[in-house]
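Everything on this sheet refers to the single structure shown next.
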Amino acid sequence: MTETIENFISLKRLAVVGVSRDSNKFGTRIFQELKQRGYQVTPVNPNMKDIGGQPCAPDLAALQGKVDGAVVCIAPKQVEAVLLQAAASGIKNVWLQQGAESAAALKTARELGLNVVSGKCILMYAEPVVSFHKFHRFVAKVFGQL
């Protein structure tokens, strides 16, 4: 496990960008799972007032000083704007969930000096790792990918 991953999962106040009304979408599942694992999680979606009674922030700028990192679960074409918001809001730690990353986003993140994890699923690292993520983690360890 890299130092960047270890540092990110040690954060306890996270925003999840890309929660949805659809409970099967990655953003919503990650929000719910991280919450169950003891993280203080804030949902972010400009089109939702709340999720399960918990207020949604419209964007990262609305959370300035309230979170230590952001998990991003949106389409790659929208990620660069979120990275700019993160940097402007003082959020230095960003996890680009699988499917959110792009070469342009990674370049922007480097230019902004952000600590970025990409191409990995946070649920394979945030303890306790459960369900099929536990199996995937085991396989990754066996093949030296963890």
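Please treat every number below as a calculation from the coordinates, not as lab data. This is a predicted model, so every value here is computed, not measured. Note that each Cβ is placed from the backbone with ideal geometry, even for glycine, and that neighbours are counted across all protein chains shown.
Quick one: 3J(HN,Hα) in Hz for segment 69-74, Karplus 6.51/-1.76/1.60 with θ = phi - 60°, rounded, Gly and Pro as x.
Going residue by residue, I get x, 10, 9, 10, 10, 10 Hz, with x marking Gly and Pro.
Where in the chain is the longest stretch that carries no trypsin sites (Lys or Arg not before Pro) classed as loop by DSSP and with at most 13 other Cβ atoms within 10 Å? The partial results should precede the final answer.
Numbers: sites that count: LYS12, ARG21, LYS49.
Segment 50-146 is the longest.
Is it possible to state the helix-based mean residue ellipticity at 222 nm for the chain, with each DSSP H run of 4+ residues giving -39500 (n - 2.57), the sum divided by total residues, to the nearest 500 deg cm²/dmol? What is it?
On the way: 5 runs with 54 residues, N = 146.
Value at 222 nm, helices only: -11000 deg cm²/dmol.
Restricting attention to the alpha-carbon atoms of the chain, what are Rg (one decimal) and Dmax (integer), both in Å?
14.3, 43
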